[in-house]
1. Restricting to the stretch 152-170, name every residue that is in a helix (DSSP H, G or I) and touching a residue at least 60 places away in the same chain (Cβ under 8 Å).
2. Among the residues of the stretch 246-279, write down those that are among the β-branched types (Val, Ile, Thr) and either free of Cβ contacts under 8 Å to residues at least 40 places away in the same chain or outside any helix (DSSP H, G or I) (or both).
3. Please give the number of the condition Arg141 fails out of (1) part of a helix (DSSP H, G or I); (2) out of contact with any Ser or Thr (no Cβ under 6 Å at 6 or more places or on another chain); (3) of a type outside the set (Phe, Trp, Tyr); (4) crowded, with 16+ Cβ neighbours inside 10 Å.
4. Residue under question is Lys14, and the condition is that it be under 18 Å from Glu99 (Cα atoms), of a type in the set (Lys, Arg) and surrounded by 14 or more Cβ atoms within 10 Å (Cβ to Cβ); does it hold?
5. Can you find a residue that is without any contact (Cβ under 8 Å) to a residue 60 or more places away in the chain, surrounded by 11 or more Cβ atoms within 10 Å (Cβ to Cβ) and assigned by TED's automatic domain parsing to the domain that holds Ile290 anywhere in the stretch 374-381?
6. Can you find a residue in the stretch 12-32 that is in a helix (DSSP H, G or I), more than 17 Å from Arg95 (Cβ to Cβ) and either of a type outside the set (Phe, Trp, Tyr) or out of contact with any Asp or Glu (no Cβ under 8 Å at 6 or more places or on another chain) (or both)?
7. Filter the stretch 214-252 for residues that are surrounded by 17 or more Cβ atoms within 10 Å (Cβ to Cβ) and closer than 13 Å to Val160 by Cβ and give the result.
8. Can you find, within the stretch 40-81, the residue that is farthest from Val23 (Cα to Cα) among those that are out of contact with any helix residue (DSSP H, G or I) (no Cβ under 7 Å at 6 or more places or on another chain) and aliphatic (A, V, I, L, M)?
Amino acid sequence: MNVIGIDVARGKSKCALIIGDLVDKYFEIKHNRSGFSRLYNIARETKSLIVFETTGVYSSQLTQFCIQEDLDFLELNPLEASIRMAGLRRDKTDRSDSEKLAFLAINQHNLLVGRRPWDSSYEELRMLGSRYFQVTKESARSINHLHAALERVFPELNDVFDLIKSTLDLRMIELFTHPDFVMGQKIDDMVEKVWSSVNHKIHHDLVVQKCEEVWHASRSSYPAVESDSILVEITQSYCNEIRNFNAEKNSIKKKMINLARKEPELKIINSIPGAGELSVALLIGYVGDIRRFLTYKQMNAFVGIDLHRIQSGGLKNDHINRRGQKNARYIMFDMVRSMLRNQATIDNHIVDYYYKLKKGPHPKSDMVAMIACINRLNRTIVNLVRTNQIYDYFKTAH
């Protein structure tokens, strides 16, 4: 068996060609047309299997090249490769890593499970999901900056507008950024100014209420800066940033749901009360084709909630691995929380299970109960998707 082991780095890779059981040669390729052409020629001439680890964006070009040129390749999970190549002696160089990967494929070929890229629809969902989380994180950062700026410009607005996410909150902060902007105005004038610049789907009484609160707050406020300070302009710019982030999030949300609706899993998983279309679309994007999991335990391992058990002598400790797809784990956690929030209007066996764990002679903590519910949610999802069934509360085990 001939193997080319590749240690992938940014823009280039170290390669080791193993023919039989001997190293034939070491070589280096750049991640461009000429470098990949050289790899192609060597792989075809020697009829070699190409082996490398997934290294995020750095290995994506190599993966795409192997797929397009129909080369025989094995893309390994870095954790699996690290464990299988672990030894008592540490000899870690790019050359030795490429050689170890090649010999790993020769000696343990039947034990290795290579990663295969998902279909284009799943991959697009994953990229949209990644961008959704990026925008969410950036939006949260801008909101924190806005809160900090308001503490100097108009501190009371942090109490009037707690979360500062809605269109009304942002528009009112832009209009009345400093207490001096309110001075000399009547509440009716403020309401008219706000009402003329926001969507009329917002209830008029809410606008009146918020304007009254801002008007009263301006009477006692003592800001740290004057109304002509540059910080006032910066504060208003934060509002514009948050508004743009909200618009992008809504756009991504629509694209994800429309794309996920093409997959049969969306309808099946969304039939679980409280799951939510957006959460299901995000989950499909990060997990991919759920049908590839033969059991729910495999999906547990993928998202990282399988147990890491330590029992030695008098020591006994169980906790989840957290080695899997953390974003998928977060999404499932949020799905269970959504089910608990909507428990009054839905029939859901996972909600029943949560409160069953919280009661009894030995009640579980909230986090332990949540992880147990995610385990049960995984089990439900895998069973429904693999059997192509819609959720039925009365068929579930309570």
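1. Correct list: Arg152, Val153, Leu157, Thr167, Leu170.
2. Residues satisfying the conditions are Ile257, Ile272.
3. The failed condition is (4).
4. The answer is yes for Lys14.
5. Among the residues of the stretch 374-381, at least one is without any contact (Cβ under 8 Å) to a residue 60 or more places away in the chain, surrounded by 11 or more Cβ atoms within 10 Å (Cβ to Cβ) and assigned by TED's automatic domain parsing to the domain that holds Ile290, which makes the answer yes.
6. No, the stretch 12-32 contains no residue that is in a helix (DSSP H, G or I), more than 17 Å from Arg95 (Cβ to Cβ) and either of a type outside the set (Phe, Trp, Tyr) or out of contact with any Asp or Glu (no Cβ under 8 Å at 6 or more places or on another chain) (or both).
7. Result: Val214, Trp215, Ala217, Ser218, Ser221.
8. Here the residue is Val57.
The values are calculated or read from the model by the stated rules, or taken from the named source; none is laboratory data. What you see is a predicted model; the values in this text were computed from it and never measured. Methodologically, a virtual Cβ is constructed for each residue, glycine included, from the backbone with ideal geometry; neighbour enumeration extends over all protein chains shown.
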